[in-house]
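Heads up: the structure comes next, in C-alpha cells.
The values are calculated or read from the model by the stated rules, or taken from the named source; none is laboratory data. In this text, all values refer to a predicted model and were calculated from it rather than measured experimentally. Methodologically, a virtual Cβ is constructed for each residue, glycine included, from the backbone with ideal geometry; neighbour enumeration extends over all protein chains shown. With ligands, DNA and RNA removed, areas are computed over all heavy atoms of the protein, side chains included. Shrake-Rupley method; radii C 1.70, N 1.55, O 1.52, S 1.80 Å.
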Amino acid sequence: MTKKIFVTRNITDRGLNMLRAKGYEVDINPKDRALTKKELIKCLSKKPYDAVLSLLTDTLDKDVFAACPTAKIYANYAVGFNNINLQDAKNAGVTVTNAPGGLSNIAVAEHTFALMITLVKRVVEGDVFLRKGKYVGWDPLLLLGTELQGKTLGILGTGQIGSRVARIAKAFEMQIAYYDIKRNEALEAEVGAKYSNNIEDVLRFVDVVSLHVPLMDTTHHLINAERLAIMKPSAYLINTSRGPVIDEAALVEALQKGIIRGAGLDVFENEPKLAKGLAKLSNVVITPHIASSTEATRQEMSFMAANNLIEFLEGRVPPNKVG
C-alpha cells in the first residue's frame, strides 16, 4: 500500500522530490500560511497518513496525534522542537525528529553577526535618515556608533551555533566570555573564551550578549527585567534563538529607559506579534525570523526532514530522532 505523507506547509523541493521518488503520496497544505491547530486536525483527519512533515509553527500535542493515529512519525522541519509535546508523542507511540543541519548553524551564526554589526554601526538608522531626506552633508557627530574590536562578547549557550559565533567574534578581535550548563573546554582552547557558571557574572561586564539556548522551561524568560538591569547601559543584546527566551515587555522598557543601549532580534516572544512599542524603537534592529533563511540551508533542512521520514518508513531508526 502506498505510504501517505502530509506536509503542513510547502517547503523547498529537495525533500519533497525525495519522498515522491519513493512513490509516496505527498499532500501539502495548500494555504500559504501556517495552519491553526483546528485546521491541522481537520487536514490530518481526512486520510490515514503514515507520516507528517511538520514546521516549528505547528503546535503538536495529544489532540493532533489523536486526529491521525496511523501517523507514527512527525519530522520537524527545524532545528528546535519546542513546538512538540514529546510526552504526548511518547504516549501516542509517535517518533519525533528534527533537522539540525550544519548549514543552518552557519546561517544563524552569520545572521547573528549581521544583526550585531548593523546595530552597533547604526546602519538601519542611517538608511532611514537618508531616505527621509535628512542628510545635508558630513557631520562629525552624526549617528555615532561603536567598534566591535576589543569589545567583549558574552555568549549564553555554546552549542554548535554559539561556538561558531565565538569563532567569528575571534576574527573581529573581540574578547569572549560564555555561560553554559556544561563547560566547553575545546572552545576555550580555540578562541580563549572565559567560562562562568553564573549568567549574572557574564551579563555584568560584557559589551554584547548573544543568546543561543534552546527554549525549555529553564530558559523561558532567561533574560528578564532583573537580568537586563545588571547589564552595562552601553551593552547590546542579540537573539537568534527563540523569542520567549526574552521577556519582551521587559526588554522594551529597558530599551526605552536606556538600561541597555540596543537590541538585535530575529525571533519574538509571541510571533508574529511584537511587544507593544518594540517596532517604534530606533535602537532595535528586527528581522522576521530569517536567520536560517538561505536557499542552501533550507534545502538541507528539507533533505534531512525527508530522510528522517524515509528511514522510519523503511523500518530503520531515523538519524535525527529526538523523541
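In the condition set (1) more than 29 Å from GLU200 (Cα to Cα); (2) at pLDDT below 95; (3) open to solvent by 30 Å² or more (accessible area, probe 1.4 Å), GLU271 is compliant with all but (1).
Residue under question is ASP88, and the condition is that it be in contact with an Asp or Glu (Cβ under 7 Å, 6 or more places away or on another chain), open to solvent by 10 Å² or more (accessible area, probe 1.4 Å), among the charged types (D, E, K, R) and in a helix (DSSP H, G or I); does it hold?
Details: in contact with an Asp or Glu (Cβ under 7 Å, 6 or more places away or on another chain): yes; open to solvent by 10 Å² or more (accessible area, probe 1.4 Å): yes; among the charged types (D, E, K, R): yes; in a helix (DSSP H, G or I): yes.
Yes, satisfied.
Of all residue pairs spaced 6 or more apart or on separate chains, those with beta-carbon atoms under 7 Å, a first member in the range 97-108 that is among the aliphatic types (A, V, I, L, M) and a second member that is in a helix (DSSP H, G or I) and surrounded by 23 or more Cβ atoms within 10 Å (Cβ to Cβ) are ALA99/MET301; ALA99/MET304; ALA99/ALA305; VAL108/ILE161.
Any residue at all in the range 129-150 that is assigned to a helix (DSSP H, G or I) and not aliphatic (A, V, I, L, M)? Yes, the range 129-150 contains a residue that is assigned to a helix (DSSP H, G or I) and not aliphatic (A, V, I, L, M).
Quick check on this structure: which one of ALA78, ALA34, ALA92 is over 22 Å from PRO244 (Cβ atoms) and of a type outside the set (D, E, K, R)?
Values: ALA78 fails: over 22 Å from PRO244 (Cβ atoms); ALA34 fails: over 22 Å from PRO244 (Cβ atoms).
When all the criteria are applied, what remains is ALA92.
One residue stands out in the range 279-313 among those that are of a type in the set (Gly, Ala, Ser) and in contact with a Phe, Trp or Tyr (Cβ under 8 Å, 6 or more places away or on another chain): the one that is nearest to LEU143 (Cα to Cα), namely SER302.
Specify the residue that is modelled with the lowest pLDDT; the eligible residues are those in the range 277-293 that are more than 25 Å from GLN256 (Cα to Cα) and open to solvent by 60 Å² or more (accessible area, probe 1.4 Å).
Going residue by residue through the range 277-293, those that are more than 25 Å from GLN256 (Cα to Cα) are 290-293.
Then drop every residue that is not open to solvent by 60 Å² or more (accessible area, probe 1.4 Å), which leaves 290, 293.
Details: ILE290: 96, SER293: 93.
Looking at the filtered set, the residue picked out is SER293.
When the helices (runs of 4 or more DSSP H) confined to the range 1-76 are screened for residues that are over 26 Å from the mean Cα position of the chain (by Cα), those reaching at least 3 such residues are found at 13-21, 37-44.
Please specify each residue of the range 186-203 satisfying the condition of being open to solvent by 60 Å² or more (accessible area, probe 1.4 Å) and not in a helix (DSSP H, G or I).
First, pick out the residues of the range 186-203 that are open to solvent by 60 Å² or more (accessible area, probe 1.4 Å): 186, 189-190, 194-195, 197, 201.
Scanning the range 186-203 gives LYS194, TYR195, ASN197.
The listed residues are ASP58, ASP63, ASP50, and the only one of them that is in contact (Cβ under 8 Å) with a residue 24 or more places away in the chain and open to solvent by less than 10 Å² (accessible area, probe 1.4 Å) turns out to be ASP58. Just one of (1) part of a loop (DSSP other than H, G, I, E, B); (2) of a type in the set (S, T, N, Q); (3) more than 22 Å from THR112 (Cβ to Cβ) fails for SER293. It is (3). Filtering the range 27-46 for residues that are modelled with pLDDT of 95 or more, aliphatic (A, V, I, L, M) and closer than 14 Å to THR97 by Cβ leaves an empty set. Residues in the range 113-150 that are open to solvent by less than 50 Å² (accessible area, probe 1.4 Å), under 14 Å from SER234 (Cα atoms) and not hydrophobic (A, V, I, L, M, F, W, C): 2 in all.
Please identify the pairs in which a residue from the range 120-137 that is in contact (Cβ under 8 Å) with a residue 12 or more places away in the chain has its Cβ atom under 6 Å from the Cβ atom of a residue that is hydrophobic (A, V, I, L, M, F, W, C) and loosely packed, with under 15 Cβ neighbours inside 10 Å, counting only partners at least 6 apart or on another chain. Close Cβ pairs (under 6 Å, with a partner that is hydrophobic (A, V, I, L, M, F, W, C) and loosely packed, with under 15 Cβ neighbours inside 10 Å) amount to ARG122/LEU143; GLU125/LEU143; GLY126/LEU143.
Residue-level check: of (1) touching a residue at least 60 places away in the same chain (Cβ under 8 Å); (2) more than 26 Å from PHE172 (Cα to Cα); (3) surrounded by 23 or more Cβ atoms within 10 Å (Cβ to Cβ), LEU222 misses just (3). The number of residues in the range 238-268 that are closer than 16 Å to GLY154 by Cβ and within 15 Å of the chain's Cα centre (by Cα) comes to 7.
When restricted to residues that are in contact with a helix residue (DSSP H, G or I) (Cβ under 9 Å, 6 or more places away or on another chain) and of a type in the set (Val, Ile, Thr), the range 118-147 contains 4.
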